[in-house]
Amino acid sequence: MTTVLTEAGADVTPAAAASQRRRRRAPGWLAVLPLLVFVAIAFGVPALAMLNGAFTVKDQTTGATSYTTANLTDSLQGAYFTALIGSVKLSAVSAGIATVLGLPLAQAVVTSRFRALREAVLTASGVLANFGGVPLAFAFVATLGNAGVLTEHLGLKDKGWNLYSFWGLVIVYLYFLIPLMVLTITPALDGLRSQWREAAQNNGATGIQYWRYIALPVLTPSLLGGLVLLFGSAFAAYATAAAMVGSAVPLVTLQIADAISGNVLVGQENVALALSLDMVLIAGLVMAVYLPLQRRSARWLEA
Amino acid sequence: MAGSLNNPARVLKPARGANKSVRVRPWRGVVLVCAGLYFLVPLAASVVFTVDVPNQGITFDAYRQIVSADGFGSSLLLSLELAAATIAVVLLLMVPAMVALRLGAPKLRPVVEVICSLPLVVPPIAFVAGIATVLKWGPEHLSRTPLFETFVALQNPDFPVVLVLAYVVMALPFVYRALDAGLRAVDVRTLVEAARSCGANWPQALVRVVLPNLRGALLNASFLTLALVLGEFTVAQLLGFQPFAVWIYSVGGSQAQLSVAVSVLSLLVTWALLLSLAGLGGRSRSASASRG
């Protein structure tokens, strides 16, 4: 932050009197500055508060605070650890399935001759990808829940179906993950030149060979990037699970919400912050994988 | 969608990637039908669930109750106000910054990219844990300073500014991606230089040359932000405010039919809003095309 501020300040003063080129650069720094300041306040302060809280414990009797890693240790034990693993498993499975299912759907839409279909599906994806949360949970409860329409008409209950379980959640999560995949992968599919396919065909390649040796390698960074993005999205989801399963499936987001609402043992108030830090670390790992992939796929598409 | 069908210019324009030789590809039909089933059945089933009540037959009571239900109007209004404020703030922050990155400050580009990706690293629930901690400082440490008033104002239940701050942060990654994609498609530098050569000053070049070229990206960013704010539940619930999504949740505990009816309606409301925005964008796009 400080370096940016000083550099910006240094750039502005001579800019007024300097050359044309210099004058053109001054608004550059100035235009970015409000964004940086805003993020520092609205995002930086809560993030630092979380970091600080994750490492402090308040003594109940004296009210004094001390730095410790006890919160982090607690957050990686017992029910909290089970919840963390549960979240990772659920996110990985649903992101993987959504990637595999989203690619053919996006390809079907991209190669469609009907422009209206393409626009309708992309708009719908934009809505559905953000349709997570409470309405989604209630819609699925009405469809596949214990008294749901499909459950009753198809007699799913006798076949052992239970929406309030791991696989139930996967099915619900796919409802917003597949559209997200479609949105993510469509630009990459648009970037596949028809010349590449024609060149492959002229050289005698079959459709499968085209996909195996040309399209998929070009798409791989985008696909992996999408997969990672979906994982992060599923990992962070809270509203759907909260409205649907309560605590039937252990998830880290539900544990954090529980702890923020005050349902913890005395002396563990900051465990919520430690769990949040765990989530940030996992999501950070995800991003560390995602960004380079994103850059690689962007390079292909720009070329 | 109706707009695009009525406009012959857009229908005649061939879809990108379409093959000139029409080949029948059955897999496409299968994929689309399967996807259609998966995405439409829950919606249809929800409607059936709300309309076909056991022991009552077909009834529209659930939908009739919504309007008179406590808190429906106020929570929906609050969500729309929050969305408008969030879109305004996030665009005002991001558009100048993104344009400037293309023009004069390429060195800052990775910085802004990382900053706009940070909210993806901090899930909403972790973010709200941090916000709740900060808001607790107010009464604990700052009760005698002028900052305390700020904290109170931030949490005004009629219009919680703290939610706007949180939503702007949460929207940054989406807005960044949308604007970045839009800017990638236009050569901003040449556009601005051309405008400047023709005698436009900086604001003119930005508002009358760059922004019209970014209309698609701006609309896209607004859609995503709107959808995000309308559906946002985590932050609002855990901070104790009651916009639309939290209201649906609170209704769900007592009346199953009503809550599903509202869920269906909320999807329709979001759809209607996004489609009308898309329609607006499409109309002005074709208008400018016919002018050129």
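For every residue, the table says whether it meets (1) assigned to a helix (DSSP H, G or I); (2) closer than 30 Å to residue B:45 by Cα; (3) in contact (Cβ under 8 Å) with a residue 12 or more places away in the chain; (4) at the interface with another protein chain (Cβ under 9 Å from one of its Cβ atoms).
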position	(1), (2), (3), (4)
B:153	yes, no, no, no
B:165	yes, no, no, yes
B:168	yes, no, yes, yes
B:173	yes, no, yes, no
B:181	yes, no, yes, yes
B:193	yes, no, no, no
B:230	yes, yes, yes, yes
B:245	yes, yes, yes, yes
Of residues in the range B:150-177 being of a type outside the set (A, V, I, L, M) and under 13 Å from residue B:240 (Cβ atoms), the one surrounded by the fewest Cβ atoms within 10 Å (Cβ to Cβ): B:157
Identify the single condition in (1) facing chain B (nearest Cβ under 8 Å); (2) not in a loop (DSSP other than H, G, I, E, B) that residue A:40 does not satisfy, given that it satisfies every other one. (1)
Return the residues of the range A:135-154 that are in contact with a Ser or Thr (Cβ under 7 Å, 6 or more places away or on another chain), within 26 Å of residue B:234 (Cα to Cα) and within 7 Å of chain B (Cβ to nearest Cβ); say none if nothing qualifies. A:135, A:138, A:139, A:142, A:143
Failed item in (1) without any contact (Cβ under 8 Å) to a residue 60 or more places away in the chain; (2) surrounded by 20 or more Cβ atoms within 10 Å (Cβ to Cβ); (3) more than 14 Å from chain B (Cβ to nearest Cβ), with residue A:128 passing the rest: (3)
Just checking, does the range B:155-162 include any residue being part of a helix (DSSP H, G or I), farther than 22 Å from residue B:218 by Cβ, at pLDDT below 80 and more than 12 Å from chain A (Cβ to nearest Cβ)? no
Quick check on my filter: what residues within the range A:98-121 are crowded, with 18+ Cβ neighbours inside 10 Å and more than 7 Å from every other protein chain (Cβ to nearest Cβ)? A:98, A:99, A:101, A:102, A:103, A:106, A:107, A:109, A:121
Assess whether residue A:247 counts as being of a type in the set (Ser, Thr, Tyr) and within 18 Å of residue A:102 (Cβ to Cβ). no
I'd like to know if the range B:204-218 contains one or more residues that are without any contact (Cβ under 8 Å) to a residue 40 or more places away in the chain and under 30 Å from residue B:152 (Cα atoms). no
Would you call residue B:221 facing chain A (nearest Cβ under 9 Å), under 22 Å from residue B:76 (Cα atoms) and in a helix (DSSP H, G or I)? no
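The values are calculated or read from the model by the stated rules, or taken from the named source; none is laboratory data. Predicted model, so just to flag it, every value in this text is computed and none were measured. Because the Cβ atoms are built from the backbone with ideal geometry, glycine has one as well, and the counts that use them run over all protein chains shown.
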